[in-house]
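Working notes, structure below.
The values are calculated or read from the model by the stated rules, or taken from the named source; none is laboratory data. All values reported here derive from a predicted model rather than from experimental measurement. All Cβ positions, even for glycine, are placed from backbone atoms using ideal geometry, and neighbour counts span all protein chains on display.
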Amino acid sequence: MTDRQRNIALIGFMGVGKTTIGRLLAPLVAMDFVDADTEIEKKAQMPIPHIFEQYGEGRFRCLEYEFYREVMPSIQNTVIATGGGAVLDARIRAILRENALVVYLVALPETIFARIGGDGNRPVLSGDDKLAQITALLAERDALYRQTCHVVVDSNNLA
């Protein structure tokens, strides 16, 4: 890991375990832990689903970019759980790669659905067939996750 990569960024689709694994990993490697979505919610003073409802996904993505632009270059020795859609922005992908060892946590759509299928706080999932939505979104994003990461880790069998 280079001097500029003294962080670990966990990327991947919602429900793959970024926050859970990040919280467990950080003390094991003597690092701090930051959940990007939690920090964005604090700055916006509202939960992410409300940001989507009131201002739309575009505004959320702007807040997300601002977080990574401001925070990533200034932190060290930190495990960062990213938002599932962070890789949609090429600028964020570059910031992550430059400032962290990027780990892509992968899971099958069925595993993700089992973990988050009933969670109503997932603004990019709506309607009845959430498994189909997860499958489609995951297919769209997989190449971006793979382009961004340094390492791929299968999280299907994690409790």
Find the residue count for segment 131-157, including only residues that are among the basic types (Lys, Arg), surrounded by 15 or more Cβ atoms within 10 Å (Cβ to Cβ) and more than 13 Å from the chain's Cα centre (by Cα). 0
Using the structure shown, decide if ALA81 is under 23 Å from ILE116 (Cα atoms) and either aliphatic (A, V, I, L, M) or at pLDDT 95 or above (or both). yes
Sort out which residues of segment 1-58 are without any contact (Cβ under 8 Å) to a residue 40 or more places away in the chain and within 18 Å of CYS149 (Cβ to Cβ), and write them in order of number. THR2
Residues located in segment 40-56, provided they are in a helix (DSSP H, G or I) and either farther than 18 Å from ARG93 by Cα or hydroxyl-bearing (Ser, Thr, Tyr) (or both): GLU41, LYS42, LYS43, ALA44, ILE48, PRO49, HIS50, ILE51, PHE52, GLU53, GLN54, TYR55
Those residues that are of a type outside the set (A, V, I, L, M, F, W, C), crowded, with 22+ Cβ neighbours inside 10 Å and part of a helix (DSSP H, G or I), I need them from segment 76-104; list them, please. ASN99
